[in-house]
1. Compute, for segment 233-279, the length of the dipole vector about the Cα centre, with Cβ point charges of +1 (Lys, Arg) and -1 (Asp, Glu) only. Units Debye, rounded to 20.
2. Among Ala61, Ile345, Gln17, which residue has its Cα furthest toward the positive end of the charge dipole of the chain, with +1 on Lys/Arg Cβ and -1 on Asp/Glu Cβ?
3. Gln114's amide H: which non-local residues (gap 5+, or another chain) put their own amide H closer than 5 Å, with H modeled 1.01 Å from N in plane and none for Pro or chain starts?
4. Among Ala134, Thr368, Thr292, whose Cα projects farthest towards the positive end of the dipole of the chain, with charges put on the beta-carbon of Lys, Arg (+1) and Asp, Glu (-1)?
5. With springs only between Cα atoms under 10 Å, which of Pro32, Pro147, Pro250 fluctuates most in a Gaussian network model of the chain?
6. Taking amide H positions as placed in the peptide plane 1.01 Å from N, state which residues far from Ser306 in sequence (5 or more) or on other chains have amide H under 5 Å from it.
7. Would you please name the GluC sites (Glu not before Pro) within segment 265-347 that are DSSP coil residues with at most 11 other C-beta atoms within 10 Å of their C-beta?
8. Nearest 20 debye, what's the magnitude of the dipole of segment 148-275 about its Cα centre given +1 on Lys and Arg Cβ and -1 on Asp and Glu Cβ?
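The values are calculated or read from the model by the stated rules, or taken from the named source; none is laboratory data. Predicted model, so just to flag it, every value in this text is computed and none were measured. With ideal geometry, Cβ positions are generated from the backbone for all residues, glycine too; neighbour counts draw on all protein chains shown. Accessible surface is based on the protein model in full, side chains and every heavy atom, while ligands, DNA and RNA are left aside. Shrake-Rupley method; radii C 1.70, N 1.55, O 1.52, S 1.80 Å.
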Amino acid sequence: MIIKNGHIFTDQGRFMQADIKLEGDRIVEIAPAGTLEGDEVIDATGKYVTPGFVDIHIHGAAGSDFCDATTEDVVKISRYEGSQGVTTFMGTTMAFDEEILTGVFEAAKPRFHQDGEGAVLRGVNMEGPFFNKAKKGAQAEKYIVDPDFDMFQRLYEKSGKNIRLIDVAPELPGALYFIRKASKLCTVSIAHTCATYDEAKAGFANGATHTTHLFNAMPAFTHRAPGVVGAAADDAAHVEIISDGIHLHPAVVRAVFAMFGNDRVCLISDSMRAAGMPNGEYSLGGQKVFMTDGKATLEDGTIAGSATCLAECFRRAVKFGVPLETALKAATINPSKAVGLFDEIGSITTGKRADVLILNKETLQPETIFIGGVKQ
């Protein structure tokens, strides 16, 4: 398959006009525009050709949740995400006990790294249960416990070593020991925390490199108490933001990119099962969630994840004033790097997987989607 004359989003985070050749599940050649020929050709003149979106923080979509613990639910999420242009995702858990999480990981095992059903599940984002109860957000308090590395290691093995990101509040008893040990196995993220600036700095010094849904479920960033946000600005390799227009004001979305730059911000959806669904009652982590016009909340009004796909979060970031190249990098290159997958996915690069989108230049909607070289 030849895609000709498109504006290719390169692994340097810039556009250039070029042709690309897909063969099998790989990108095998990138050449000057108008030079490649083949039996199958798509003319992408006037369109953007980008990597597939990479969502490293998604609980569910299309009525299903990763924690429903069935292969069928994972497939439903994969199909929906793939239809939107998300080609890779991390199944994200909630705060549950070890028995429940074991069941989730056992159910997911057959789907890890499998093609053929839309977006590819490439690992787990283990969000919980090692949180500060005071910043639990939509997490169920009864399951929240202090960091327990032995428990995490057992779950890591149960997942087939597919946990790629683990969240922890660094101020909790045993947290720094946990971070030192867990960071040797996967990315460690600071999350659902009351940490001060110094406590968060200690977390980063001991091996944390990531921050989960910046500003949400953490102390405010103020001029005398910069907290987790200030520490992340100093030390985090990557931070996540939810640019749905509900979790963060558009001015804050712009400010995060101004503060952290183009290389450190990861757009995420944090979507739950209501994504792609009509208004109504749903659930998250065993709790009732009510979704109205894209806003998902618990009964007490607490925001409960999002109901917005990453592809739409990307488009909204651009609408909020984030430059197109910057927003694309935050939805593809940066999240791939954050969870150690950039050698395989996340950019239009010879030798990488052929996870490729052809986007309408005006709407930024995908007109053609390839996942592993297969047109969807």
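1. Values: 3 positive and 6 negative charges, 42 e Å.
Charge dipole of segment 233-279: 200 debye, to the nearest 20.
2. Gln17
3. Under 5 Å from the amide H of Gln114 lie the amide H atoms of Leu121, each far enough along the sequence or on another chain.
4. Going by the Cα projections, it comes out as Ala134.
5. Checking each option, the largest mean-square fluctuation is seen for Pro32.
6. For Ser306, the qualifying residues are Ser271, Met272.
7. Details: sites: Glu281, Glu299, Glu312, Glu325, Glu344; in loops: Glu299, Glu344.
Passing both the DSSP loop test and the Cβ count: Glu299.
8. Values: 12 positive and 13 negative charges, 58 e Å.
In debye, rounded to 20, segment 148-275 gives about 280.
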